[in-house]
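Just so you know, all these numbers are worked out from the coordinates, no wet-lab data involved. What you are looking at is a predicted structure, and each value in this text was computed from that prediction instead of being measured. Note that we place each Cβ from the backbone using ideal geometry, even for glycine, and neighbour counts take in every protein chain shown.
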Amino acid sequence: MKTGVIGLGAMGAPMARNLHRAGYLETIWNRSAARAQQLGRELGVPVAASPAALAELCELVILSVSSDEDVLEVVEALRPGLTAGKIVLDTSTVSRETAQQAAALLAENNTAFVDGPVSGGIEGARNATLAMMAGGDRAVLDQIRPLLDSITGRVEHMGPVGAGQATKAVNQVMAAGINQAVSEALAFASALELPMDKVTVTVKHEKIHAADCAECETRVGKIDSIDREIHIEGDLTDEQRKNLMRIADKCPVHRTLHSEVVIKSRLA
């Protein structure tokens with residue numbers, strides 16, 4: 001199945017590399033042309049002149065972009081190159097409503113849409129061990145499952161279009177809850193006057209195993225023993241950010257939200 005990838009950031013680029021190794025990658029496109037040209041030279045694949053040009057060459061188009069607005073913008077840009085029978089798979093983390101809007105737009109081209117946000121972070125993208133939560137027609141998902149084996153470790157069909165993004169929202173709230181537990185644990189350790197340099201090393205080690213056992217993605221990337229910052233990396237929709245803030249409001253932390261969520265213990 002000839003496949004094109006749009007969005008060559010931290011997640012999209014390693015997915016494109018794995019698709020290339022498996023023999024599926026036909027072409028790529030990225031808003032920043034320099035990044036696309038660099039990866040194109042690395043892999044020896046052509047860079048499409050536009051999303052529509054990419055769509056003309058491919059049976060499957062995979063999106064990995066940053067926001068709800070980006071998804072809808074790219075979908076509109078794809079439409080002139082889409083024909084009946086083609087499939088668009090969106091691996092971005094966006095809202096359920098955005099997935100449903102994208103599907104409705106593509107239906108006008110008789111093009112199938114699957115929302116397939118992923119969990120596993122950059123390491124999972126590199127190692128092709130991502131967990132995908134998919135929404136859409138099961139028959140369409142089954143059609144692309146052999147290809148998905150080259151970029152994921154697990155694919156679960158969650159229901160109709162939007163169900164994948166709804167499941168990812170659950171995943172993000174779960175991650176926030178785990179972060180709250182880690183924050184409270186560090187505050188408790190500080191109150192007990194424990195050696196924080198040792199505690200943070202232990203917490204980092206145990207955090208990884210706890211996340212693995214729960215099969216959820218916490219993406220707690222850093223615990224600093226001096227100011228005890230905890231970073232949750234990842235793309236959050238506005239709805240997911242609000243959910244995280246509601247959870248954080250219940251624990252003694254100061255919140256700052258930007259491209260990543262930073263939670264700092266008041267006892268630092």
remark   = Plugging the Cβ-Cβ distance of Asp142 and Ala52 into 1/(1 + (r/R0)^6) at R0 = 30 Å yields, to the nearest 0.05, a FRET efficiency of 0.65
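What is the gain in length, in nm to one decimal, between Glu69 and Arg41 on full extension, counting 0.36 nm per residue of separation less the C-alpha to C-alpha distance?
Numbers: separation 28, 0.36 × 28 = 10.08 nm, distance 2.91 nm.
Result: 7.2 nm gained on full extension.
Could you rank the peptides 186-194, 166-174 by their average count of other C-beta atoms within 10 Å per residue, with the highest value first?
Numbers: 186-194: 14.3, 166-174: 20.6.
Per-residue mean Cβ counts within 10 Å order the peptides as 166-174, 186-194.
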request  = Assign one of three labels to region 3-159, namely rounded, prolate or oblate, based on the Cα gyration tensor with a ≥ b ≥ c the square roots of its eigenvalues; rounded applies when a/c is under 1.5, prolate when it is not and a/b is larger than b/c, and oblate otherwise.
outcome  = rounded
ask   = Which shape class, rounded, prolate or oblate, goes with region 99-175 when its Cα gyration tensor gives a ≥ b ≥ c as root eigenvalues, a/c under 1.5 marks rounded, and past that a/b bigger than b/c marks prolate?
value = oblate
query = What is the order of Thr3, Thr111, fewest Cβ neighbours within 10 Å to most?
reply = Thr111, Thr3
task = Express the relative contact order of region 3-159 as a whole percentage, based on alpha carbon pairs under 8 Å and six or more residues apart in sequence.
result = 20 percent
